[in-house]
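In what follows, a structure is listed as structure tokens, so that the remarks can point back to it.
Bear in mind these aren't lab numbers, they're just calculated from the coordinates by the rules spelled out. Computed from a predicted model, the values in this text were never measured in an experiment.
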Amino acid sequence: MNWIEDEDIRAALKEMRTYIDITEEDLKKIFDLAMEHARRRLKKRIPVSLVMTRDVITVKRDMSLKDLARLLTEKGISGVPVVDDLNRVIGIVTESDIIFQTGQKRSRGLREFLRELIGEPHPKDTRGPLSELRVEDIMSTPVITATPDMDIRDVAVILEEKRIKRMPVVDSDGRLIGIISRQDIVRAVSHES
């Protein structure tokens, strides 16, 4: 379908009030090629909103580690977003956060290394017994989030670069509306025609 007529091109060129060394025919070809490229690009684009999980299990910051571990086990999941009373994402907590608190080996991050280097106590040493720990004591912040209109390919790059398995999906106010995981992206790509 060709929506642009020769007279439209002439009117646009006249409106520019400058000389452009290009024929009307060449300009139409460029425009048609650009439109075809845009159509192909948009056809391949898959927004997060189409593949994200909408029914998200969440926790509050004051949940105990014991209750968190039970929830992850019962639901067969490895991590959950932490939300406030307005359903805004304030953190994320995973199995590896729990494992780290129980003293299991986990690779040290730069923050832990610098704390040790300057002689600060490790957070684990100052938080008390495991039975007293809450989600807020071990959750990761700030949280890397996605928006519903992001392309899943962009999300895949972030997941890989940050070495994370999931990203909460938030609206413009930071409220949780879904979650997208590596598995969601793999499933979407497998159904792509």
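Mind checking which aspartates and glutamates have their Cα closer than 15 Å to the Cα of residue 66? Skip sequence neighbours fewer than 8 apart in that chain.
Candidates past the 8-residue exclusion: 74, 95, 97, 132, 136, 137.
So what J values fall out for region 80-86 if you push phi through Karplus, 6.51 cos²θ - 1.76 cosθ + 1.60 with θ = phi - 60°, rounded to Hz, Gly and Pro as x?
Whole-Hz 3J(HN,Hα) from phi for region 80-86: 9, x, 9, 10, 8, 5, 9.
Please turn the phi angles of region 145-153 into ³J(HN,Hα) values with the Karplus equation 6.51 cos²θ - 1.76 cosθ + 1.60 (θ = phi - 60°), one per residue in order, whole Hz, x for glycine and proline.
10, 10, 10, x, 8, 5, 7, 5, 5
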